[in-house]
Amino acid sequence: MPTFFERKQIVTPGDLIAEGNYIAGENTFKKDGKLYSTHIGLVEYEERKVSVVALKGFYVPRVGDTIIGKVTDITMGGWIMDIKAPYAALLRASDVVERSYRPQKDELSSIFDIGDLVIAKIVSYDRTRDPLLSIREPGLGKITRGQIIEITPTKIPRVIGRKGSMISMIKRETGCHILLGQNGLVLISGKNPEYNRLAIIAIRKIEKESHTSGLTDRVTEMLKKEKESEIKND
Amino acid sequence: MTKSDEKLIDKNGLRIDGRKPDELRSIKIKVGVLSNADGSAYIEQGKNKILAAIYGPHETHPKHLALPDRSRLKCRYHMAPFSVDERKSPAPSRREIEISKVIRHALEPSIFLEYYPRTSIDLYIEVLQAHGGTRCASITVASLALADGGIPMRDLTVACAAGKVDGHIVLDLTDNEDKKGQADVPLAIMPNLNAITLLQMDGQLTISEFEETVEFALKGCKQLYEKQREALKAKYVTVEGEEE
């Protein structure tokens, strides 16, 4: 059962990664006992499972994900939202309106209007039906303040870090509240724009250097330096 | 085909542009050149200059075109009015529509279209300067744009032409060689899966000549594939090089 690439080595679509009794993980496929990559990415081995961490990709909805969506249309039964995925998502009015929803009486645009950004959770999705959203959980709902940036969705796990180490470090160093949408949109709301700026450059750095090791330390260092120069300027 | 006095291959066996019969034109590839597209790539193959961009997968419009079991690949091959000697009308010609279809069929087997049913992927290929063999160069560059867009693929697709000029089998025909030569055979392959996704022939060849021509084109594809892979990696490796 040979493997042809080392861990963290870069592969392109169609590269033969392993042969024999391996399980095809994310971004790989198996044909005639041979395991190939489907993306440009880095190889990862986990016992017998071989996967590729994609360097670029788009968001594919998954049940349970928290995402940030933008209202693009209002229909009789709810809102259509752009969630940066191949499919538009639906947020039902009955999920949002207290008590029972009456289309004649309740004005949906007074709750969420077109262009509003909403934090929501995906409650159902399969390839035959468009994703369905819900905001019936604490922390979900309309975004009223903060700044939004967009990153490649495949890099969200890297921004979170191992057991949340990276994101909690950035929150601690900048004092910002940061919400990561699994679809690649990140909401940053800090006490002042200067802290927001710090958090943004930290996240941008992670996005750019996501495939390198020792990144948490480098980001910490960078944030500390930036903060020091800030004090000097004042 | 009209006889021409012009010699396409000299007595040393070299071609008009000084290449050996089995030599490719000089190649420059860059991936991720457009920031507004989801994926993009640019190729210079000899005097050819081609830009490819993809958008999607996204919802299909109009809705009735959506396929229930797979994604729809929409492909547009277009030549800029200034891409050739005599100004070309910007409206899609019969030839462009055909090449769009040929490119789509060459790329479709390499993409996991069944992963995202009801959606569509838009591929735009813009020929900025043409000098023969644009359909092959377009396939090579379009495949890179798809990979850059993060679309799941079985393999990269790479294409190269070979043909017969002045009675010699040659690789990677230019515009002159294509027009004055005896035959042109464009070939697209998925190198790792060892599969042919496009094989056309224009002109006349004997069976043994045809086999030799395909052999030539295959070799050309393999050389091109290495460049293609390098270009795709280069977009990311530069960042890695700084840090490690």
Taking a quarter of the surface of the convex hull around the Cα atoms of the protein assembly as shown, what do you get in nm²?
29.3
Only Cα pairs within less than 10 Å get springs; with that Gaussian network setup on chain B, which residue of B:47, B:233, B:63 has the largest fluctuation?
B:63
What size of dipole, in debye to the nearest 20, comes out for chain A about its Cα centre when the only charges are +1 on Lys and Arg C-beta atoms and -1 on Asp and Glu C-beta atoms?
300
Which entries in the list A:49/A:163; A:155/B:219; B:28/B:74; A:8/A:142; A:49/B:233; A:56/A:163 go over 28 Å, if you measure between the two C-alpha atoms of each?
A:155/B:219; A:8/A:142
For residue B:222, go through the aspartates and glutamates and keep the ones whose alpha-carbon is under 19 Å away, minus same-chain ones fewer than eight residues off.
A:15, B:22, B:23, B:44, B:155, B:172, B:184, B:211, B:212, B:230
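Nearest 500 deg cm²/dmol is fine: what mean residue ellipticity at 222 nm does the protein assembly as shown get from its DSSP H runs of n ≥ 4 alone, each adding -39,500 (n - 2.57), divided by its residue count? List each step's numbers first, then the result.
Numbers: 9 runs with 126 residues, N = 478.
Rounded to the nearest 500, the figure is -8500 deg cm²/dmol.
Can you give the average number of partner chain beta-carbon atoms within 10 Å of each beta-carbon in peptide A:8-17, as a whole number? Mind showing how you got there, number by number?
On the way: counts 2, 0, 6, 2, 13, 17, 15, 4, 3, 0.
Shielding by partners across A:8-17 averages 6.
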Alpha-carbon spread of segment A:10-54, three principal axes, descending order, Å
23, 20, 13
Taking residue A:121 as the anchor, which aspartates and glutamates have their alpha carbon closer than 20 Å to its alpha carbon, excluding any fewer than eight residues away along the same chain?
A:65, A:73, A:82, A:95, A:98, A:113, A:130, A:137, A:150
Once the Cβ-Cβ distance between residue A:208 and residue A:127 is put in as r, and R0 is 41 Å, what FRET efficiency do you end up with, to the nearest 0.05?
0.80
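Residue A:13: net charge of surrounding residues, Cβ under 10 Å, Lys/Arg +1, Asp/Glu -1, itself excluded?
On the way: positive: B:154, B:229; negative: A:15, B:155.
It works out to a net charge of 0.
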With a cap of 13 neighbouring Cβ atoms within 10 Å, and only residues DSSP puts in a loop, list the trypsin sites (Lys or Arg not before Pro) found in segment A:133-202.
A:136, A:145, A:191
Would you compute the Debye intensity of chain B from its alpha-carbon atoms alone, equal scatterers and no solvent, and pass along log10 I(q)/I(0) at q = 0.09, 0.12, 0.16 Å⁻¹ to two decimals?
-0.40, -0.69, -1.16
So, R0 is 41 Å and r is the distance between the beta-carbons of residue B:63 and residue A:62; what FRET efficiency does that work out to, to 0.05?
0.95
If you take the charge dipole of segment B:94-151 about its Cα centre, with +1 on Lys and Arg Cβ and -1 on Asp and Glu Cβ, which of B:133, B:110, B:120 is farthest toward its positive end?
B:133
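Count, for each residue of B:143-155, the Cβ atoms from other chains sitting within 10 Å of its Cβ, then give me the mean as a whole number.
Values: counts 2, 3, 0, 1, 7, 3, 3, 14, 6, 10, 9, 7, 8.
The per-residue average across the peptide is 6.
Just to be sure I understand: if you take the accessible area of chain B alone plus chain A alone and subtract the pair, with a 1.4 Å probe, what total do you get in Å², rounded to 100? Write out the running numbers ahead of the final one.
Details: alone 12870 and 13440 Å², together 23430 Å².
Accessible area lost upon association: around 2900 Å².
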Using r as the Cβ-Cβ distance of residue A:168 and residue B:210, and R0 as 60 Å, what FRET efficiency do you calculate, to the nearest 0.05?
0.40
Filter the GluC sites (Glu not before Pro) in segment A:1-50 to those in DSSP coil with at most 14 other Cβ atoms within 10 Å of their Cβ, and list the result.
A:6, A:47
Please list the equivalent ellipsoid semi-axes of chain A, computed as the square roots of five times the alpha-carbon gyration tensor eigenvalues, in descending order and whole angstrom.
35, 29, 12
Charge dipole of segment A:146-210 built from unit charges on the beta carbon (Lys, Arg +1; Asp, Glu -1), centred at mean Cα; most positive-end Cα among A:210, A:151, A:190 is A:210
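I need the peptides B:142-153, A:212-223, B:27-38 ranked by packing, meaning the mean over residues of other C-beta atoms within 10 angstrom, with the highest value on top. Could the numbers behind the result be given before it?
Working: B:142-153: 27.1, A:212-223: 14.8, B:27-38: 16.3.
Highest to lowest by the protection proxy: B:142-153, B:27-38, A:212-223.
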Net charge of neighbours whose Cβ lies under 12 Å from the Cβ of residue B:184, counting Lys and Arg as +1 and Asp and Glu as -1
-1
If I model segment A:66-142 as equal point scatterers sitting on the Cα atoms and use the Debye formula, what is log10 I(q)/I(0) at q = 0.13, 0.21, 0.26 Å⁻¹?
-0.34, -0.90, -1.34
Report, ordered by chain and residue number, the aspartates and glutamates lying within cross-link reach of residue A:227, taken as a straight Cα distance under 15 Å and ignoring same-chain residues fewer than 8 apart.
A:173, A:194
If the elastic network links every pair of Cα atoms under 10 Å, which of B:115, B:77, B:225 fluctuates the most in the Gaussian network model of chain B?
B:115
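Over all residues in B:98-111, what is the mean tally of Cβ atoms on other chains that come within 10 Å of each residue's Cβ?
Details: counts 0, 0, 0, 0, 0, 0, 0, 0, 0, 0, 0, 0, 2, 2.
Mean shielding count: 0.
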Formal net charge of residues neighbouring residue A:189 (Cβ-Cβ distance under 14 Å; K, R +1; D, E -1)
+4
Could you rank B:140, A:128 by how accessible they are, 1.4 Å probe, largest area first?
A:128, B:140
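The values are calculated or read from the model by the stated rules, or taken from the named source; none is laboratory data. Just so it is clear, the structure is predicted and the values come from calculations on it, not from any experiment. Quick reminder, even Gly has a Cβ in these numbers, built from the backbone with ideal geometry, and neighbours come from all protein chains shown. Side chains included, ligands, DNA and RNA excluded: accessible areas come from the protein's heavy atoms. Shrake-Rupley method; radii C 1.70, N 1.55, O 1.52, S 1.80 Å.
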